[in-house]
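Values quoted throughout were computed directly from the atomic coordinates according to the rules given, and no laboratory measurement underlies them. Quick caveat: nothing in here was measured; it's all calculated off a predicted structure. Virtual Cβ from ideal backbone geometry, glycine too; neighbours counted across all protein chains shown.
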Amino acid sequence: MAEENKERNSLTGIVSGQAADAEGVRPAIMVAAFEGWNDAGEAASGAVRMLAKAWGARKVGRLSEDDYYDYQFSRPTVRRTPTGRSSISWPSARLSRAEIPGTGIDVLLVRGVEPTYRWKAFTAELLARAAGENVVAVLLVGALLVDVPHTRPLPASLTSDNERLRRELGAEASTYEGPTGILGVLADAATTAGLPTASIWGAVPHYVAQPPSPKAMLAIVRRLEEVLNMHLDVHELTEDADAWERGVNELAAEDPEVASYVHQLEEAQDAAELPEASGESIAREFERYLKRRNRHERGPGEP
């Protein structure tokens with residue numbers, strides 16, 4: 001019974017009743033991440049790349065590069081073949097397909113660089129490709145810089161504007177208003193097209209923003225495991241995350257200001273997680289912190 005509930009409360013369980021299309025293409029869940037503004041520490045794109053590698057995803061296409069990218073901003077890269085011949089790799093959005101083991105459901109994995117131009121056309125082309133791959137649901141993956149301590153488990157939230165997904169997956173309603181990236185545009189377009197859409201957002205400590213960020217990537221992968229009802233071998237990634245945390249600890253130990261800031265973040269998180277914590281009590285604690293900081297900045301001899 002527990003396994004049945006787990007299946008039903010996953011995105012794969014929700015779409016499992018969907019049939020193949022007229023050409024026999026099985027239903028698929030689109031899982032997309034884009035390097036750039038919504039990929040702090042490259043944690044989101046790294047997580048989707050891990051799915052592609054683990055499941056042996058096969059390439060099914062890419063969006064036309066020249067229509068969407070400024071090559072002076074997102075430059076092509078030169079690679080060498082085993083024979084030493086040069087090969088140009090262009091920034092693009094690459095599509096690959098794989099089966100989620102044990103589910104009978106496929107994923108359409110979308111990885112690439114956030115486009116520079118024509119976001120509406122880019123989104124329309126991507127959703128048209130998705131329709132051709134019988135995509136019946138969309139899962140977007142991003143990562144943001146957040147005021148969280150690197151010493152604690154990093155959160156990976158799940159949000160959706162779809163009432164059923166919120167109810168069955170335990171997703172939260174997004175309350176964000178402000179500038180958005182291609183993930184926000186794609187989420188809006190997919191929802192408008194009638195596709196159940198959810199987003200996973202990993203948190204990267206803002207004071208260690210440089211990639212890679214394996215601990216944030218691990219949190220995203222764990223959330224992907226829940227949402228897609230699958231399991232990945234994360235042994236190597238867990239080791240990388242532990243090594244990353246030890247490295248940041250060493251850097252913090254050499255900088256008293258960073259160490260103090262991390263301690264403040266830990267205290268704030270502990271207060272927020274207490275059962276009796278409320279918005280009012282957290283606000284009072286923050287006011288006390290500001291007073292302590294102001295006294296420190298004035299110095300012992302100042303009023």
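Tabulated data for the structure shown
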| read-out | value |
| --- | --- |
| Alpha carbon convex hull of the range 2-241, projected area averaged over orientations, nm² | 14.6 nm² |
| Sequence-distant residues sharing a close amide H with G61 (under 5 Å, placed H) | L95 |
| For the chain, share of DSSP beta bridges that run antiparallel, in % to the nearest 5 | 45 percent |
| Over the chain: helical MRE at 222 nm, DSSP H runs n ≥ 4 each giving -39500 (n - 2.57), nearest 500 | -13500 deg cm²/dmol |
| Residue with peak Gaussian network fluctuation, the chain [Cα springs, cutoff 10 Å], from Y207, Y261, Y69 | Y261 |
| Listed peptides 133-146, 193-206 by packing density, highest first (mean Cβ within 10 Å) | 133-146, 193-206 |
| Listed peptides 25-33, 262-270 by packing density, highest first (mean Cβ within 10 Å) | 25-33, 262-270 |
